[in-house]
Amino acid sequence: MKFCIICAVLIAIIALWTPCGIAQQINVAAASDLQSAFQDASNRFQKGTGKSVKLTFGSSGNFFAQIQNGAPFDLFFSADIDYPKKLEAAGLAEPGTLYPYATGKIVLWVVNESRLDLGSGLKILLNPSIKRIAIANPAHAPYGRAAVAAMKHENVYEQVAAKFVLGENISQAMQFAASGNADIGIVALSLALAPALKGKGRYVEIPTETYPPIEQAAVVLKSSTNKETARQFLDFLKTPAMLELLRSYGFALPSDQQK
């Protein structure tokens, strides 16, 4: 009898340690403009499924390099569609999982205490009182490249390039602007709308025709050890509630552009 009880206990313990008996977790590399939206989305996903999402935020270019070198992510949400496409072409992504989930937007942003008038758009950057301008590093951050393109379109880039304070990603650029380490920032609309910063600054959208579309896309990685849950999270983000969440953070969705 004791032997049967011991066996039953051992079987139960082993079951807890099998893939079906533990809460599954996926590792997600996500562009930093998704920080607030994805923290909300991952919490909802965990409540609904019991499966957790470990989020790592950063620049899309850096993640692309890390994934090429074997970084253990299950999903990659890039702020530049070209990076997932390149992973797919190289055989590093699961076929058929490429999903263009949103298009980002950039804004001029200042703290509420600033006396700068944003009504003149990017021309305000020529104001001599501005000593430091925060943007994401265009070498590996799509939002930085969009900022440079917009400034060139408005013929202010050459005059202000020496004033740039480069963030490793768009989230760090936002931190520079919000903390006073920069007088103004060209940042993601999604970050300007984030709850932590929504009441601390003012912003004006930069016309989308002044910079190439910031087309963002996701892909399940070939090296993923938990592809089922990765696909489940990707499908979860396609539901009406999650699409509306992205829209509330200022993202344009593919379906919006088809209307």
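The table for this structure:
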| item | result |
| --- | --- |
| Hey, A150 assigned to a helix (DSSP H, G or I), open to solvent by less than 50 Å² (accessible area, probe 1.4 Å), small (G, A, S) and touching a residue at least 40 places away in the same chain (Cβ under 8 Å) or not | yes |
| Sole residue being more than 17 Å from the chain's Cα centre (by Cα) and of a type outside the set (A, V, I, L, M), chosen from G144, G185 | G185 |
| Residue among E209, E215 that alone is acidic (D, E), open to solvent by 80 Å² or more (accessible area, probe 1.4 Å), outside any helix (DSSP H, G or I) and farther than 21 Å from K54 by Cβ | E215 |
| Answer residue from the range 92-122, given it is assigned to a strand (DSSP E or B) and open to solvent by 30 Å² or more (accessible area, probe 1.4 Å) and is farthest from N169 (Cα to Cα) among those | Y99 |
| Failed item in (1) touching a residue at least 24 places away in the same chain (Cβ under 8 Å); (2) outside any strand (DSSP E or B), with R247 passing the rest | (1) |
| Spans of helices (runs of 4 or more DSSP H) in the range 35-91 with at least 3 residues at pLDDT 95 or above and closer than 17 Å to L234 by Cα | 35-49, 82-89 |
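Conditions tested, residue by residue: (1) over 20 Å from S78 (Cβ atoms); (2) touching a residue at least 60 places away in the same chain (Cβ under 8 Å); (3) in contact with a Phe, Trp or Tyr (Cβ under 7 Å, 6 or more places away or on another chain).
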site	(1), (2), (3)
Q175	yes, no, no
A192	yes, yes, yes
A196	yes, yes, no
E209	yes, no, no
L221	no, yes, yes
Q232	no, yes, no
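The values are calculated or read from the model by the stated rules, or taken from the named source; none is laboratory data. The structure displayed is predicted, hence computed values, not measured ones. No Cβ is skipped: glycine too gets one built from the backbone with ideal geometry, and neighbour counts run over all protein chains shown. The accessibility values were calculated without ligands, DNA or RNA, using every heavy atom of the protein model including side chains. Shrake-Rupley method; radii C 1.70, N 1.55, O 1.52, S 1.80 Å.
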